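S.K.: Sending over a structure as structure tokens; questions will come in a sec.
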Amino acid sequence: MIKISHLVKNYGNFTAVDDISFEVAKGEVLGFLGPNGAGKSTTMNMLTGYLSSTSGSIKIGGVDILDDPLNAKRLIGYLPEQPPLYPDMTVEEYLSFAYDLKNCKLNKEKHLREICEVVKITDVYKRMLKNLSKGYKQRVGIAQALVGNPPVIIFDEPTIGLDPKQIIEIRNLIRTLGKEHTVILSTHILQEVQAVCDRIVIINKGKIVANELTENISRAVENTRRFNVKISGPQRDVLAMLRNLPGICYAEVLAARDGDAYTYMIESEVGIDVRKKLFWALAERKWPLIGMEALGMSIEDIFIAVVDKTAPEGVQRPKKKSRYEGVRAAEEKEVAAGIVEKTVKDQENASYDEESSDSAYYEDHSIKEDTFASEDKTEEKK
Amino acid sequence: MLAIYKKEMRSYFINPVGYVFIGVFLALSAGLCCYTTLQSNTYNTASYYYFLILCMIIIIPLLTMRTFSEERKMRTEQMLLTAPISITGMVMGKFLAAMSIFGGCLAVSCINLIPLYVIGSQETKASDGETIGPVTPEIIGSLIGVLLVGAVFIAIGILISSMTENQLSAAVVTIAVLAVMLILNMVNSVGSEEEGTRLINNYVIRYVIDWVSVVSRFSNFQYGILDWSALLYYVSVTFIAIYLTVRVYERRRWA
């Protein structure tokens, strides 16, 4: 649905986006991650035709955004970083303006009402935009992007300024949208990506450093065999026992303390499940096992590792002192290295898109029926 | 384009700026009409429309100052530029909205001339069959001329507004540019050709200044003459300014 090849954007001497290529399939939710100033917003702005690229091409549904901007833009709903609201308009006027602007053909009243219900702004429908709270403004911005039901939806940090409940609602909305629409989501909130995205693209200093399916990343994460266990018992003895238990290659006391119970971090050897053995060993000694929590690697860890990996020497984060952190960091770096290497290869191999795409040009990507109506039904079922 | 036009029209009336413009324009035109025709006991409207154009230098920027600078400041231009409309459509929508307000005001300001016609008809009655009163073709010509000059001013105002984020600086720069155009024209006409007392004698400089003298081309319209060369001049300058506005936006995308 979206094909970006060898996209470059220079601002004078500064290269904001440096030769990035990726594709987004129809119905995919792509998470676009990166630290501040990585080039996320620049890429989004180029995708939506607000900025032009220095070189490279962007195709939305087979239509090049520079060759035929009007037809390409028709396929996109965009929420910029700062929602583009006219403070003097009411929500109603604003959405009706968006409707006219996009030259929308759906039943106006019904369509706008549905959108308002989906993003839950029906109760402020008649109010002036300047009097709305940040969360409502953000939601009106989202509503504006949904007007006309475009097949591609691009959100630049959609959940900033929302309260936790609203964030969950918006994530659910994005997930439902992802069934029919192609969604690109830029954010630096990692849980968000983990929660809603099919695929993750990490960008740093204008370059893509990782491009992986979320489930692949999760799988890489699950390979580690680390647990936090909370054991009630004399700390030194417990630690000694843990270290001597066959199958455990590493054990350490963490600071968290709960009565006479301490939390220990253990790591097992590859291919061995120590959980049962550990339970019986503890039972034998009458040290109650209070809690056990598998420590997957969070996407945070990978994100930080990947970004660090690609940062030039000297800019790297200060080395963590504790041995425990050291072990974790080593592992993250390994996973990160794998992802980075693969991505670099992909980026090099990305084809220069030269072949004509006339056939795709006439493909009709518009979503005819109102998908919002069906969403409500599925939500009710839940 | 229609969506932008509608939005702009609405924004003129939900902001004070539209009302301020209409109020100031109508008050100024009424005052000018009093002093230039009624007070000086004449049916000649030439100086009325000439002074109206001078006042437009100050009040047209009120209309155009926020067109693009506000959009840029509020980041709403991002919505317009990512919507499936062309930049030309966007600029034209805004231009036409400003033109509608201005044209509407100009039309309403014609009520200023009613007293002239009333007095004229009474004097005609009193005299022996002689027709006395304002010359309608002259007035129509002047109105067309003022409308064209207004279009040029609005297009220039929009161009300047598209180059800045600040409404106030847009207004000030627009006033400055329009005033300079007027002053150059005045300097150009100092002295006389026959007596050889021209302030500016260099033919090239005179030619260049003549190119920007929007006001001097107005004179033929005052006599009820539809001056095609002037008409073409006004329309071209308007389109050049609109075209440059479109280019400002294109350039910003590529910067």
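S.K.: Sort A:ASP18, B:ASP227 by heavy-atom solvent-accessible area, probe 1.4 angstrom, most to least.
M.R.: Of A:ASP18, B:ASP227, the descending order of accessible area is A:ASP18, B:ASP227.
S.K.: How high is the relative contact order of segment B:2-253, given as a whole-number percent (alpha carbon pairs under 8 Å, six or more residues apart)?
M.R.: Computed value for segment B:2-253: 26 percent relative contact order.
S.K.: Find the lysine pairs in chain B meeting two conditions, Cα atoms under 24 Å apart and a separation of 8 or more places or different chains, and report how many there are.
M.R.: Qualifying lysine pairs in chain B: 5.
S.K.: Rank A:LYS277, A:LYS230 by accessible area, highest first, at a 1.4 Å probe radius?
M.R.: Reading off the accessible areas and sorting them downward yields A:LYS277, A:LYS230.
S.K.: For an R0 of 30 angstrom, estimate the FRET efficiency from the Cβ-Cβ distance between B:VAL24 and A:THR122 and round to the nearest 0.05.
M.R.: For B:VAL24 and A:THR122, the calculated efficiency is 0.15.
S.K.: How tilted is helix B:136-161 with respect to the longest principal axis of chain B? Cα atoms for both, answer in degrees (0 to 90, nearest 10).
M.R.: That works out to roughly 20 degrees.
S.K.: To the nearest 10 Å², what's B:MET74's accessible area with a 1.4 Å probe?
M.R.: 60
S.K.: Next question, about the same structure. Can you give me the C-alpha center-to-center distance between segment A:28-67 and segment B:55-100, rounded to a whole angstrom?
M.R.: Answer, in whole Å: 26.
S.K.: Moving to a separate point now. Quick one: helix B:228-254 against the long Cα principal axis of chain B, what's the angle to the nearest 10°, folded into 0 to 90?
M.R.: Long axis of B:228-254 versus the principal axis of chain B: about 20 degrees.
S.K.: Separate question: Which FRET efficiency, nearest 0.05, do B:VAL187 and B:VAL108 yield, Cβ-Cβ r, R0 41 Å?
M.R.: Once the sixth-power term is evaluated, E becomes 0.75.
S.K.: Could you list the residues of segment B:70-100 with an amide nitrogen less than 14 Å from a label point located 7 Å from the Cα of B:GLU165 in the Cα-to-C-beta direction?
M.R.: Hits in segment B:70-100 for B:GLU165 at 14 Å: B:70-78.
S.K.: Per residue of A:40-52, how many C-beta atoms from partner chains lie within 10 Å of its own C-beta, taken as a mean?
M.R.: 3
S.K.: Still on this model: How much of B:SER86 can a 1.4 Å solvent probe reach, expressed as accessible area in Å² and rounded to 10?
M.R.: Taking all protein chains as shown, B:SER86 has close to 50 Å².
S.K.: Next up: Using the heavy atoms of the protein chains and a 1.4 angstrom probe, tell me the accessible area per residue for chain B in square angstrom.
M.R.: About 46 Å² of surface per residue is accessible.
S.K.: Let me ask another. How much accessible area is lost when chains B and A come together, counting both sides, with a 1.4 Å probe, in Å² rounded to the nearest 100?
M.R.: In total, chains B and A hide about 2700 Å² from solvent.
S.K.: In degrees, nearest 10, range 0 to 90: what is the angle between the Cα axis of helix B:203-212 and the longest Cα principal axis of chain B?
M.R.: 80
S.K.: About the Cα centre of segment B:2-253, what is the dipole size in debye to 20, counting +1 per Lys and Arg Cβ and -1 per Asp and Glu Cβ, all else neutral?
M.R.: 1280
S.K.: Once the Cβ-Cβ distance between B:VAL212 and A:ARG113 is put in as r, and R0 is 60 Å, what FRET efficiency do you end up with, to the nearest 0.05?
M.R.: For R0 = 60 Å, the calculated efficiency reads 0.65.
S.K.: Shape call for the protein assembly as shown from the C-alpha gyration tensor, a ≥ b ≥ c root eigenvalues: rounded (a/c under 1.5), prolate (a/b greater than b/c) or oblate?
M.R.: prolate
The values are calculated or read from the model by the stated rules, or taken from the named source; none is laboratory data. If you're wondering where the values come from, they're calculated on a predicted model, not measured in any experiment. Backbone-built Cβ (ideal geometry, glycine too); neighbour counts: all protein chains shown. What goes into the accessible areas is simple: the full protein's heavy atoms, side chains included, and nothing from ligands, DNA or RNA. Shrake-Rupley method; radii C 1.70, N 1.55, O 1.52, S 1.80 Å.
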